[in-house]
Amino acid sequence: MPQPRLIATDLVIGESARWHDGRLWLSNWGAAEILAFDLDGNRELITRVPTTIPFSIDWLPSGQLLVVAGNEQRLLRQEADGSLVDHADLSGLPGGLNEIVVDGRGTIYVNGGEDFHPDEGAAPGFIAAITPDGTVRQVADQIAFPNGMAVTEDNSTLIIAESFASKLTAFDISDDGGLGNRRTFSEVLADGICMDAEGAVWTPSWYDDGPCCLRVAEGGEVLDRSPLEQAGFACARGGPDGRTLAMLSADWHMAEGFEVNLERLTTGPHTGQLHTATVTVPSAGWPNHR
């Protein structure tokens, strides 16, 4: 069981964790900030974004930063001068946006939806693909609160966290970026995810009534875990040898509802934290394999 080491505090809600150019990048929800941290906890404000929550990040193969502004239903690209411009028109999609992943072929996947609530059978979420030629199309629907996504190293499989269904769902990726052969990868409470070289998924979750990040295999076996003191929101794999696990958490109480929690975090003491832990199996796949 890898033990966490506290790297940074005073975040609002850290989300969309990504390793890039030797540092851990994240979206600081509620503060409209994209931050980057080194392994000693030194932080840099990369940019401010025209939204507060939700927003997520990844990179094009060219190295340009992409930012999903969720409520505004915009996909932004950072230019050389630091400005953010619209990368693609996503206004035809059926709802606001949440997470993003760019696979090894340059296909961008975003997800989102409207009217999310944890009622049984409620699944208004979707996944959309934006191919390198700029084509935007919906490639999956009926997702029960779409959250973090990851793509395998060979670009053959996309895995998404369906948070309100408490499961990870896998799809085969076709040559044109479409998704098919939908199936359950693992039944586990999941949020922002990443993969390793043995095909397992790391995800924030709960185990023995405590918050943690779990390493789960296809089929549901829990292979490892790293404990957290607060609810986890996202995890990422990277570091010099791909064996550093980064975990984002905050003081969140599920029973109190989204709006109550958000009000507490944005107006009171910032409780968001970044921890790291050393694991044995290196990272693989997308995001974070850069």
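Some points to look at:
- Looking only at residues of segment 51-71 that are modelled with pLDDT under 95 and touching a Leu at 6+ places or on another chain (Cβ under 9 Å), we find that the one that is most open to solvent (accessible area, probe 1.4 Å) is N71.
- Only one of A8, A17 that is outside any loop (DSSP other than H, G, I, E, B) and under 14 Å from the mean Cα position of the chain (by Cα): A17
- Residue tally, condition over 23 Å from R225 (Cα atoms) and surrounded by 21 or more Cβ atoms within 10 Å (Cβ to Cβ), over segment 13-29: 3
- Pairs with Cβ under 8 Å, 6+ apart, first in segment 210-232 and β-branched (V, I, T), second open to solvent by 40 Å² or more (accessible area, probe 1.4 Å) and modelled with pLDDT under 95: V222/Y207
- Enumeration of residues in segment 153-176 that are over 16 Å from V201 (Cα atoms) and in contact with a Pro (Cβ under 9 Å, 6 or more places away or on another chain): F164
One line per residue, one yes/no per condition, for (1) in a loop (DSSP other than H, G, I, E, B); (2) in contact with a Lys or Arg (Cβ under 6 Å, 6 or more places away or on another chain); (3) of a type outside the set (G, A, S):
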residue: V68; (1), (2), (3): no, no, yes
residue: L93; (1), (2), (3): yes, no, yes
residue: L97; (1), (2), (3): no, no, yes
residue: N147; (1), (2), (3): no, no, yes
residue: A161; (1), (2), (3): no, no, no
residue: T169; (1), (2), (3): no, no, yes
residue: G180; (1), (2), (3): no, no, no
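- Contacts under 7 angstrom Cβ, first residue in segment 190-203 being buried (at least 24 other Cβ atoms within 10 Å of the Cβ) and part of a loop (DSSP other than H, G, I, E, B), partner of a type outside the set (F, W, Y) and modelled with pLDDT under 95, 6 or more apart: A190/S163
- Residue match in segment 101-121 (condition: charged (D, E, K, R), open to solvent by less than 10 Å² (accessible area, probe 1.4 Å) and either over 17 Å from the mean Cα position of the chain (by Cα) or modelled with pLDDT of 95 or more (or both)): yes
- Hits in segment 42-64 (condition: without any contact (Cβ under 8 Å) to a residue 24 or more places away in the chain and not in a loop (DSSP other than H, G, I, E, B)): E44, L45, I46, R48
- A search for C-beta distances below 7 Å between a residue of segment 138-163 that is open to solvent by 30 Å² or more (accessible area, probe 1.4 Å) and any residue that is in a strand (DSSP E or B), counting only pairs 6+ apart in sequence or on different chains, returns Q138/F126; Q138/A128; D141/F126; F145/G125; F145/E162; E153/A284; S156/D172; S156/I173.
- Residue in segment 214-224 that is open to solvent by less than 70 Å² (accessible area, probe 1.4 Å), within 20 Å of L11 (Cα to Cα) and either hydrophobic (A, V, I, L, M, F, W, C) or assigned to a loop (DSSP other than H, G, I, E, B) (or both) present: no
- So R77, is it under 25 Å from L11 (Cβ atoms) and either open to solvent by 20 Å² or more (accessible area, probe 1.4 Å) or part of a strand (DSSP E or B) (or both): yes
- Filtering segment 123-137 to residues that are of a type in the set (A, V, I, L, M, F, W, C), within 17 Å of L168 (Cα to Cα) and either at pLDDT 95 or above or crowded, with 20+ Cβ neighbours inside 10 Å (or both) leaves F126, I127.
The values are calculated or read from the model by the stated rules, or taken from the named source; none is laboratory data. Just so you know, these numbers come straight off a predicted model, no measurement behind them. With ideal geometry, Cβ positions are generated from the backbone for all residues, glycine too; neighbour counts draw on all protein chains shown. Ligands, DNA and RNA are stripped out before the accessible areas are found, and what is left, the full protein with its side chains, is counted by its heavy atoms. Shrake-Rupley method; radii C 1.70, N 1.55, O 1.52, S 1.80 Å.
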